[in-house]
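Asker: Mind looking over this structure? Questions follow.
The values are calculated or read from the model by the stated rules, or taken from the named source; none is laboratory data. No experiment lies behind these values; they were computed from the predicted model shown. Heads up, the Cβs are rebuilt from the backbone with ideal geometry, glycines too, and the neighbour counts pull from every protein chain shown. For the accessible areas, the whole protein counts, side chains as well, though only heavy atoms, and no ligand, DNA or RNA atoms are used. Shrake-Rupley method; radii C 1.70, N 1.55, O 1.52, S 1.80 Å.
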Amino acid sequence: MSRTISSTVHSIQRCMAAAHPSAWSDGLVTRVDGAEATIALLNGATVQVRVIGPAVELAPGEPVAYHPVAELLSATVVLTTARAA
């Protein structure tokens with residue numbers, strides 16, 4: 001499966017994610033409202049993010065991974081920028 005990297009993802013974000021792999025948190029999308037999504041992380045926390053750039057089709061119940069340091073969201077086959085809302 002090929003991964004698409006959004007044009008909003010900068011090289012430094014990919015470097016930060018590679019340098020801090022333990023910062024990735026798995027979770028499930030619980031709510032989507034336009035470009036904002038609420039994610040219930042598997043560690044019990046909840047985070048609200050604003051997806052920046054091309055539309056990523058998110059749906060409640062979808063598994064994702066979020067990297068708060070690099071501000072990245074990995075959903076299905078797309079890696080995109082997602083900032084805390």
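Asker: Asp26 accessible area, nearest 10 Å², 1.4 Å probe?
Answerer: Counting only protein heavy atoms, Asp26 exposes about 90 Å² to solvent.
Asker: Roll a 1.4 Å probe over the protein chains and send me the accessible area per residue for the chain in Å². Please list the in-between numbers first.
Answerer: Values: 4770 Å² over 85 residues.
With the other protein chains kept in place, the chain gives 56 Å² per residue.
Asker: Over what distance in Å are the Cα centres of region 2-43 and region 55-85 separated?
Answerer: 4
Asker: Taking N as the number of residues in region 1-72, what is its Cα Rg relative to 2.2 N^0.38 Å? Kindly include the intermediate steps, with their values, before the conclusion.
Answerer: Working: Rg = 12.1 Å, N = 72, 2.2 N^0.38 = 11.2 Å.
Here the Cα radius of gyration is 1.09 times the empirical estimate.
Asker: Roughly speaking, to the nearest percent, how much of the chain's 1.4 Å accessible area is carbon and sulfur?
Answerer: Details: 2740 of 4770 Å².
With neighbouring chains kept in place, the figure for the chain is 58 percent.
Asker: How much of the DSSP bridge set in the chain is antiparallel, in percent, rounded to the nearest 5?
Answerer: Details: 27 of 29 bridges.
The answer is about 95 percent antiparallel.
Asker: From Cα pairs below 8 angstrom and at least 6 apart in sequence, can you work out the relative contact order of region 37-80, rounded to a whole percent?
Answerer: Normalised by residue count, the contact order of region 37-80 is 26 percent.
Asker: Another question, then. How large is the charge dipole for the chain, taken about the Cα centre, if only the Cβ atoms of Lys, Arg (+1) and Asp, Glu (-1) carry charge, to the nearest 20 debye? Intermediate values should be presented prior to the final figure.
Answerer: Working: 5 positive and 6 negative charges, 39 e Å.
That gives a dipole near 180 debye.
Asker: Placing +1 on the Cβ of each Lys and Arg and -1 on the Cβ of each Asp and Glu in region 8-65, which of Cys15, Ile52, Thr30 has its Cα farthest towards the positive end of the resulting dipole?
Answerer: Cys15
Asker: Right, another one. Return a whole-number percent for the relative contact order of the chain, with Cα pairs under 8 Å and 6 or more residues apart as the contact set.
Answerer: Across the chain, relative contact order equals 35 percent.
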